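Beneath this line is the structure, given in structure tokens, with notes to follow.
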Amino acid sequence: MMLARVADSLYWVGRYVERAEHVSRLSSVMLNATLDRTDAGVLAAQLVRTSIGDPEPSGATNPLEVARGLVLDRERNGSVVVSLARARENARQVRDQITTETWERLNLLYLRTSDSRAERHFDADAPDFLSGIIADLHLFKGAADATMSHGEGWRFMVTGVHLERAQLIARLLRVCFSGGQGQVIDDHLALVSILRMACALEPYLRAYTADLHSRFILDFLLFDEDFPRSIRYSTARIEEHLTRLSKGREIGRGDPARLAGRLNARLSYTDVEDVEAAGASTILNTVDSECAGIHQAMFDTFVAYPLETRLPA
């Protein structure tokens with residue numbers, strides 16, 4: 001049985017790493033959209049701010065200033081540098097549970113973003129700076145997958161990744177397609193930006209060719225079973241890993257594996273017609289709230305459980 005503090009730290013490594021990658025990608029897409037066309041850039045900036053719960057970041061209006069704050073502001077909860085610092089600190093506390101390759105990749109990334117010259121490098125070439133962060137985060141995840149034993153520790157970390165991803169994609173889609181912006185998004189470049197924010201442009205085009213339509217994008221990012229950043233894919237992985245982690249434990253109504261199975265089943269038996277009939281916000285709010293419930297159930301089950309329920313009489 002893994003120690004509670006170890007499980008908690010590895011879980012948060014997964015969440016913070018995924019958060020850092022998501023915010024980096026949103027910032028990169030926002031800057032590219034601004035260069036492509038003003039209308040798409042303004043919409044992209046609005047989507048970035050709202051989808052991460054930061055509608056008025058420091059009063060900045062220039063996209064470069066907004067991106068710099070989202071990436072390098074050490075006082076902003078959820079910025080890339082803060083997320084990486086927290087991921088590294090959690091990894092440091094369980095250094096013996098992760099491989100040297102995994103630790104070195106995360107440590108080097110943290111040192112690069114926290115360096116005193118980071119802001120100067122960002123201002124000199126923000127797209128290159130952001131693409132470097134994203135590439136290194138991919139390398140971190142690849143190193144973890146290729147070099148760590150796929151036991152309990154790895155499962156806690158991957159569950160953290162997919163819980164964070166499901167919530168972030170749900171929030172992005174809610175902003176884009178549930179009327180939160182007070183408009184229907186049908187601008188071609190804006191739809192391309194949304195797909196890029198989810199790292200989904202090429203996989204989407206393979207599925208739907210060049211037919212960019214908000215309905216198809218919603219269907220793809222909600223329900224595609226093979227695309228690793230769709231909500232359906234993430235909820236299936238969450239259920240898979242929590243089922244293994246809960247093996248041998250007494251199953252109750254608040255068991256995280258049970259809650260994950262319920263969410264995955266809900267998505268399995270829902271389609272885009274159901275979403276359109278009820279309104280996209282209904283299913284997206286459900287995903288967000290049920291992921292939060294799974295998170296709390298994991299804490300109650302694996303971290304803050306009553307001592308008497310885990311010790312023999």
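The values are calculated or read from the model by the stated rules, or taken from the named source; none is laboratory data. Remember, it's a predicted structure, so these values are computed and weren't measured experimentally. Here the Cβ positions follow ideal geometry from the backbone for every residue, glycine too, while neighbour counts run over all protein chains shown. Calculation scope for accessible area: heavy atoms of the full protein, side chains included, ligands and nucleic acids excluded. Shrake-Rupley method; radii C 1.70, N 1.55, O 1.52, S 1.80 Å.
Restricting the stretch 139-153 to residues that are open to solvent by less than 30 Å² (accessible area, probe 1.4 Å) and not small (Gly, Ala, Ser), which is farthest from residue 234 (Cα to Cα)?
For the stretch 139-153, the residue satisfying everything is 148.
Which of the following residues is small (Gly, Ala, Ser), within 30 Å of residue 104 (Cα to Cα) and modelled with pLDDT of 95 or more: 146, 198?
Details: 198 fails: modelled with pLDDT of 95 or more.
Step by step, each of 146, 198 is checked, and only 146 is small (Gly, Ala, Ser), within 30 Å of residue 104 (Cα to Cα) and modelled with pLDDT of 95 or more.
Does residue 76 fit the bill of being modelled with pLDDT of 85 or more, open to solvent by less than 50 Å² (accessible area, probe 1.4 Å) and over 21 Å from residue 295 (Cα atoms)? Full working, then the answer.
Numbers: modelled with pLDDT of 85 or more: yes; open to solvent by less than 50 Å² (accessible area, probe 1.4 Å): yes; over 21 Å from residue 295 (Cα atoms): yes.
So residue 76 passes the test.
Does residue 65 satisfy being modelled with pLDDT of 95 or more, in a helix (DSSP H, G or I) and surrounded by fewer than 17 Cβ atoms within 10 Å (Cβ to Cβ)?
Here the answer is no, as residue 65 does not meet what is asked.
Conditions: (1) under 30 Å from residue 302 (Cα atoms); (2) surrounded by 23 or more Cβ atoms within 10 Å (Cβ to Cβ); (3) not β-branched (Val, Ile, Thr). Residue 177 meets all but one. Number of the miss?
(1)
From 224, 211, 136, 219, which residue is open to solvent by 50 Å² or more (accessible area, probe 1.4 Å) and not hydroxyl-bearing (Ser, Thr, Tyr)?
On the way: 224 fails: open to solvent by 50 Å² or more (accessible area, probe 1.4 Å); 136 fails: open to solvent by 50 Å² or more (accessible area, probe 1.4 Å); 219 fails: open to solvent by 50 Å² or more (accessible area, probe 1.4 Å).
On inspection, the qualifying residue turns out to be 211.
Looking at the stretch 182-206 only, could you name the residues that are small (Gly, Ala, Ser) and open to solvent by less than 60 Å² (accessible area, probe 1.4 Å)? Spell out the reasoning first.
Looking only at the stretch 182-206, we keep the residues that are small (Gly, Ala, Ser), and these are 182, 190, 193, 198, 200.
Result: 190, 193, 198, 200.
State all residues of the stretch 249-302 that are under 22 Å from residue 8 (Cβ atoms), outside any helix (DSSP H, G or I) and open to solvent by 50 Å² or more (accessible area, probe 1.4 Å); if no residue qualifies, say none.
Within the stretch 249-302, 250, 251 qualify.
Being in a helix (DSSP H, G or I), open to solvent by less than 60 Å² (accessible area, probe 1.4 Å) and either among the aromatic types (Phe, Trp, Tyr) or more than 12 Å from residue 267 (Cβ to Cβ) (or both) is the filter here; which residues of the stretch 238-247 pass it?
Result: 241, 242, 245.
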